[in-house]
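First the structure, in the form of structure tokens, and then the observations on it.
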Amino acid sequence: MNVWRELPKASTRGDSAWRNITRMAETGIFKPDERVELIRGVVRRMSPKNYAHVVAATKLHQRLMKSLAGRASVFKGDPLKLVRLDSEPEPDILAISSPDIEDYGKESSRPLLVIEVAESSLRYDLNAKAPVYAEANVPEYWVLNLVDRELVVFRSPKDGDYRERARYRSGDRVAPEAWPDVVIEVSRALSHPRPVLTRTPRPPQGCSFGFTCQARPTIPGRAREVAARRDAQGTVGHRG
């Protein structure tokens, strides 16, 4: 996710917390269509996703969708309700155990992999959200770090924390424990820097692109003064 700005605490749990969020929207604390998340009873506002975030998340989503077809369901940016933890995060990627998408949110289908794409929210995703997913017994949690261009993998949740944490950089390959045949290349998951667009220069006055320039050449200031003086002298001499 991107930058977080903290809003008032929801103060109650589960569906009641979301009713409080609705009241916050009604009172103008945030817009009804604004993207927010509930983490341990605290409502947090998310900023718009940038180019690098969108591209990286879409790459991972497409890769997992193709590889897990018929074996699991993969969701992108959808909420994961954790009522016991008073939380409902919206991970960039969520892969559940059932291949039937209608099992989304049901107790019969377990979340097996959660992925967050992080840039401005990097510290929060690594330090605050990891314990939430661990306490919810999500077996594997990935953070695609766009700042340091690496993939951080959390595994083996126990007592509200992940016992294993590994970093993979460009050139490394990693697969989810639930699907060891689905190998992800870190370099391919990361988005390339967005090309910088430069402004096309305007043609000189009297010119246009694709046509012969009819404008007179520009003369530097001092030379222009001399040329004007000479023209004036030549005109006076002719009149005499």
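No value in this document is a laboratory result; all are computed from the given coordinates. For clarity, every value in this text was computed on a predicted model and none was experimentally measured. When we count neighbours, we look across all protein chains shown, and the Cβ atoms used for this are built from the backbone with ideal geometry, even at glycine.
Stretching residue 106 away from residue 83 to a fully extended chain increases their span by 7.0 nm, per 0.36 nm per residue minus the current alpha-carbon distance. Applying the Karplus relation 6.51 cos²θ - 1.76 cosθ + 1.60 with θ = phi - 60° to the stretch 122-129 yields 3J(HN,Hα) values of 3, 4, 5, 5, 6, 9, 9, 7 Hz, where x marks Gly and Pro. Its Kirkwood hydrodynamic radius, worked out from the mean inverse distance over all distinct Cα pairs, puts the stretch 49-189 at 15.0 Å.
Length available on full extension from residue 163 to residue 50: 0.36 nm per residue minus the Cα-Cα distance, which gives 37.5 nm. With neighbours defined as other Cβ atoms within 10 Å of a residue's Cβ, the residues 63, 167 order from fewest to most as 167, 63.
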